[in-house]
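Coordinate-derived values only; no laboratory data. Treat the numbers as computed from the prediction; the structure is a model and nothing was measured. Every residue, glycine as well, gets a Cβ built from its backbone with ideal geometry; the counts of neighbours run over all protein chains shown.
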Amino acid sequence: MGTSKRGKASLLFEDPPLILSAASVVGKKEGEGPLGKYFDRIEMDSMLGKRTWEEAESELQTRTARLAIEKSGLDKEEIRYYFGGDLLAQLIATSFGSMDLEFPLFGLYGACSTMGEGLQLGSMTVAGDFADRVLVTASSHFASAEKQFRFPLEYGNQRPLSATWTVTGCGAVVLGKGGGGSPLARVAGITTGKIVDMDFKDSMNMGAAMAMAALDTIVTNFKDLGVDERYYDQIITGDLGTVGRRLLLDYLLKAGHDIESRYMDCGIEIFDGSTQDTHAGGSGCGCSAAVLCGYILPRIQQGEWKRVLFMPTGALLSTVSFNEGKSVPGIAHGVVLERMDEGRK
């Protein structure tokens, strides 16, 4: 397989890697949302039978990874590398969650953009002929994230309306050159995001912190590929929520791009803002990952969308950086997903 470098940040794959299978597992609240029927499994026990929230997230990742492999029809031994990540310090959900799988592991951290980062690196690995099959996962858990970044649930703190709700969920895909089953889509290209720092310091408003990174990656993708918003049936961000959505659309319009009619945000879609108390929407590594695997990829496979720009967004802060008065930089990684019979234009 070969690649064609485009602009400063994009690649087009001459023989695109294929998404051979996808799996999504979410928690009870996510299962009660508008997309609940599209997920493979809904875990009613938020502890997943474990002793701690962190162990629960590891188990969530293990179950989703195993399901993706099962759905691919491949033997476990056919998977060469594992690209995985989460929000917890030192990636403990991924390291403990992947331990029993015994794959060579690349642990990734891109905050909520991690699924995009994993898809990019996994696709380059397959396209570069370094592996025939790879596994990509990203997970998050509401309680483990609250415990690390905000307050333990027992504290009962009040959340501002700008805050998003960390999704309890995981998405996993098997990427490869082909073989077995009916592929869901192909990864036609990628646009790797750069860190965009707007000197924003409100950790309870992630959407605003990430919106300009999303804008930068979208504009870069258009410029690198020589296209505009009409090239895509859908442009999908990961977890900007209602606040970040409005900022992105307004600033893109000022830049000459009207994407509103073909735009959606996973964090807005996964919860019902009128009936579920999630304020600005959903977030977390598992948000875009689960929506991708449960909702987006089947629509591409069925032909409802021919070409999609999937772009998870991440807020690159930690408890250390925030407590030291640092800003909340953002990043967004774009992945061009196409229906299997879509020709290169």
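See the values below:
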{"read-out": "Residue-averaged 222 nm ellipticity for the chain, from DSSP H runs of 4+ at -39500 (n - 2.57), nearest 500", "value": "-9000 deg cm²/dmol"}
{"read-out": "Highest to lowest packing among 209-218, 183-192, 299-308, scored as the average C-beta count within 10 Å", "value": "209-218, 183-192, 299-308"}
{"read-out": "Sorted peptide list for 21-31, 264-274, criterion being average Cβ within 10 angstrom, highest first", "value": "21-31, 264-274"}
{"read-out": "Helix runs (DSSP H) in the chain reaching 27 Å along axis by Cα, Kyte-Doolittle at least 0.0", "value": "206-225"}
{"read-out": "Anchor Lys5: aspartates and glutamates whose Cα lies under 13 Å away (excluding residues fewer than 8 positions away in-chain)", "value": "Glu14, Asp224"}
{"read-out": "Formal net charge of residues neighbouring Ala214 (Cβ-Cβ distance under 11 Å; K, R +1; D, E -1)", "value": "-2"}
{"read-out": "Bins of 10 Å, starting at 0 and running to the largest distance - Cα pair percent for the chain", "value": "6, 29, 38, 22, 5, 0"}
{"read-out": "Listed residues Thr3, Gly207, Gln301: farthest to the positive end of the dipole of the chain (Cβ charges)", "value": "Thr3"}
{"read-out": "Violating pairs (Cα-Cα greater than 26 angstrom) within the set Lys28/Lys50; Lys147/Lys201; Lys28/Lys194; Lys194/Lys326; Lys177/Lys306", "value": "Lys28/Lys194"}
